[in-house]
1. Tell me, how many Å apart are the Cα centres for segment 1-74 and for segment 163-209?
2. For a 19 Å ceiling on Cα separation, which of these pairs sit above it: K85/K162; K35/K104; K35/K175; K126/K188; K18/K63?
3. Between S127 and S58, what is the spin-label point distance in nm, taking each point 7 Å from the Cα along the Cα→C-beta axis?
4. So between K171 and K85, what do we pick up on full extension, going 0.36 nm a residue minus the alpha carbon distance?
5. Kirkwood hydrodynamic radius of segment 4-137 from all distinct Cα pairs, in Å?
6. Could the peptides 126-138, 53-65, 217-229 be put in order, highest first, of the mean number of other beta-carbon atoms found within 10 Å of their residues?
7. With θ set to phi - 60°, apply the Karplus curve 6.51 cos²θ - 1.76 cosθ + 1.60 along segment 60-65 and write out the HN-Hα couplings as whole Hz, x wherever there is a Gly or Pro.
8. At 7 Å along Cα-to-Cβ for each site, give me the label-to-label distance between F149 and F31 in nm.
Amino acid sequence: METLSIIIPCYNEEATIKRCLERVVMVDLPFGASKQVLVIDDGSRDNSRQIVQDFANSHLEVKLLAQPKNMGKGAAIRRGLKEAKGSLIVIQDADLEYDPEDFKQMMQLFRLKEVDVVFGSRRLLKSNAVSGLVQYWGAEIINFFTNIFYGARITDQFTCYKMFRSELLQKIPLKTSRFEIDAELTAKLLRMGQFVQEVPITYHPRTIAEGKKIRVKDGFLWLWQIVKHRFTSRSSW
């Protein structure tokens, strides 16, 4: 029996975190796999932390990890990786943009021994809405340069849904603390020669008014990660 460790960074998500957790724990994973749900509260200033703790009190698979202050999504993910015990690890946002039911099709690919990493691509399902034209085309431009620099064919490197074999992640030293961890992960995977499998997933984007935190400046930080790790030695990781 496998265990899927689900890492959920959370910052000021009191409006969505309980429903997100309900959806995660309700998913009936394939192959009799169990769940370890790690919620990393990133110094929330609303009631998110208490909501998660109350939920964890009645769901043994859920554990709250509290950061001492707001340190960023990347720092939260790195904290979660230290606690992850599963043979497979996936990242889940604390909002309702993604559907945990998509874990099932992602896990199916890990039946193949040669598969070590699977991304859930929002771009492969044409019926999905986009979060905004600036965000959409910014991501497309960075994907284009990534595929050129690394000889890859990734359609959606900024998807939240990234699933890995745990032994692969143990080989990747992660250093970034904010949203650019997506680009750092992708760049280092490709430098290691990993082939990223992708499956189509559903996506229901929210607006900035509804709590979306990505900004234009994050795109420049992502692009820097792609360029830096293409032209620097792996010994500098």
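1. 19
2. Values: K85/K162 17 Å; K35/K104 12 Å; K35/K175 26 Å; K126/K188 28 Å; K18/K63 13 Å.
Violating the 19 Å Cα-Cα cut-off are K35/K175; K126/K188.
3. About 3.3 nm, to one decimal.
4. Details: separation 86, 0.36 × 86 = 30.96 nm, distance 1.54 nm.
In short, 29.4 nm is gained.
5. Values: mean 1/r = 0.0636 Å⁻¹.
The Cα-based Kirkwood calculation yields 15.7 Å.
6. Working: 126-138: 13.2, 53-65: 14.9, 217-229: 17.5.
Per-residue Cβ counts within 10 Å, averaged per peptide and sorted highest first, yield 217-229, 53-65, 126-138.
7. 5, 6, 9, 9, 8, 10
8. 3.2
Read-outs throughout are calculated quantities, based only on the coordinates presented, and are distinct from any laboratory measurement. What you are looking at is a predicted structure, and each value in this text was computed from that prediction instead of being measured. Glycine gets a Cβ as well: all are built from the backbone with ideal geometry, and neighbour counts include every protein chain shown.
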